[in-house]
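K.L.:
Can you read through this structure? Questions will come right after.
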Amino acid sequence: MNSWAKRVEVATNIAILCAFIMVVALAAQRLLSTRGNAHNGEPAIGARVTLAGVDWSKADRTLVLALSTTCHFCSESAPFYKRLLTDASSHGVPAWAVLPQPIDSSRAYLTGLGVPLPNVLQSSLGEIDVAGTPTLLIVDARGKVQKAWVGKLAADREEQVMAALR
């Protein structure tokens with residue numbers, strides 16, 4: 001009986017140790033997976049953005065709109081995007097829309113909003129470190145994020161974006 005109790009005690013200690021190791025591993029994985037992201041789900045400033053077919057070096061700054069055809073905040077922000085794109089164009093800042101949907105449906109969506117953009121790409125938003133839509137990025141000539149805004153923006157935050165383009 002005494003050896004049986006020792007075996008149960010050893011098995012219990014091993015189970016507790018395994019559970020502890022698993023909790024530590026999960027905590028480390030969660031910490032490392034969020035380390036590159038800034039607070040509030042924004043892409044990290046200085047993070048490199050890679051999009052097939054985009055040559056960041058053609059301009060000092062480029063505006064990237066990460067949107068989705070299923071995002072009601074993107075649709076509600078359309079009047080701001082119209083103003084933003086007009087302002088970006090007047091300051092020589094190229095703009096790209098990146099959506100996870102096919103390019104044809106993305107163009108139709110943007111045109112329907114009155115926000116026709118010639119530069120539309122299909123890409124997983126996770127590939128550009130975007131967790132939610134809408135997300136606006138200003139990317140420098142090296143392809144690094146200089147500024148980022150996530151979500152439907154209040155008027156003061158919209159003005160921050162406009163000012164960053166000037």
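The values are calculated or read from the model by the stated rules, or taken from the named source; none is laboratory data. Computed from a predicted structure; not experimentally measured. All Cβ positions, glycine included, derive from the backbone under ideal geometry; neighbour counts span all protein chains shown. Only protein heavy atoms, including side chains, enter the accessible area calculation; ligands, DNA and RNA are left aside. Shrake-Rupley method; radii C 1.70, N 1.55, O 1.52, S 1.80 Å.
K.L.:
Of the residues GLU127, GLU158, which is under 16 Å from GLY46 (Cα atoms), in a helix (DSSP H, G or I) and either at pLDDT 95 or above or under 18 Å from the mean Cα position of the chain (by Cα) (or both)?
P.N.:
Numbers: GLU158 fails: under 16 Å from GLY46 (Cα atoms).
Residue meeting the stated conditions: GLU127.
K.L.:
Run LEU84 past the list (1) open to solvent by 90 Å² or more (accessible area, probe 1.4 Å); (2) under 30 Å from GLY143 (Cα atoms); (3) assigned to a helix (DSSP H, G or I); (4) modelled with pLDDT of 85 or more and report the number of the one that doesn't hold.
P.N.:
(1)
K.L.:
Could you check the range 129-143 and list, in sequence order, the residues that are over 19 Å from TYR81 (Cβ atoms) and either surrounded by 16 or more Cβ atoms within 10 Å (Cβ to Cβ) or hydroxyl-bearing (Ser, Thr, Tyr) (or both)?
P.N.:
Correct list: ASP129, ASP140, GLY143.
K.L.:
Going through the range 44-74 one residue at a time, which ones are outside any loop (DSSP other than H, G, I, E, B) and either in contact with a His (Cβ under 9 Å, 6 or more places away or on another chain) or crowded, with 18+ Cβ neighbours inside 10 Å (or both)?
P.N.:
Correct list: TRP56, ARG61, THR62, LEU63, VAL64, LEU65, ALA66, CYS74.
K.L.:
Also, quick follow-up: Inspect all residues belonging to the range 149-166 and state whether any of them is closer than 22 Å to ASP55 by Cα, of a type in the set (A, V, I, L, M, F, W, C) and open to solvent by 40 Å² or more (accessible area, probe 1.4 Å).
P.N.:
no
K.L.:
Among all residue pairs at least 6 apart or on different chains, which show Cβ distances below 9 Å where the first residue, located in the range 134-147, is assigned to a loop (DSSP other than H, G, I, E, B) and the second is of a type in the set (S, T, N, Q)?
P.N.:
Close Cβ pairs (under 9 Å, with a partner that is of a type in the set (S, T, N, Q)) amount to PRO134/SER68; PRO134/SER77; ALA141/SER57; ALA141/THR62; ARG142/SER57; GLY143/THR50; GLY143/SER57; GLY143/THR62.
K.L.:
A further question on this structure: Would you call PRO79 closer than 20 Å to ALA164 by Cα and either in a loop (DSSP other than H, G, I, E, B) or open to solvent by 60 Å² or more (accessible area, probe 1.4 Å) (or both)? Break it down into steps so the answer makes sense when it comes.
P.N.:
Values: closer than 20 Å to ALA164 by Cα: yes; either in a loop (DSSP other than H, G, I, E, B) or open to solvent by 60 Å² or more (accessible area, probe 1.4 Å) (or both): yes.
Taking the combined requirement at face value, the residue satisfies it.
K.L.:
Exactly one of (1) under 20 Å from the mean Cα position of the chain (by Cα); (2) open to solvent by 10 Å² or more (accessible area, probe 1.4 Å) is unmet by SER90. Its number?
P.N.:
(1)
K.L.:
While we're looking at this one, here's another question. If you go through the range 66-87, how many residues are in contact (Cβ under 8 Å) with a residue 60 or more places away in the chain and over 21 Å from the mean Cα position of the chain (by Cα)?
P.N.:
Of the residues in that region, 2 qualify.
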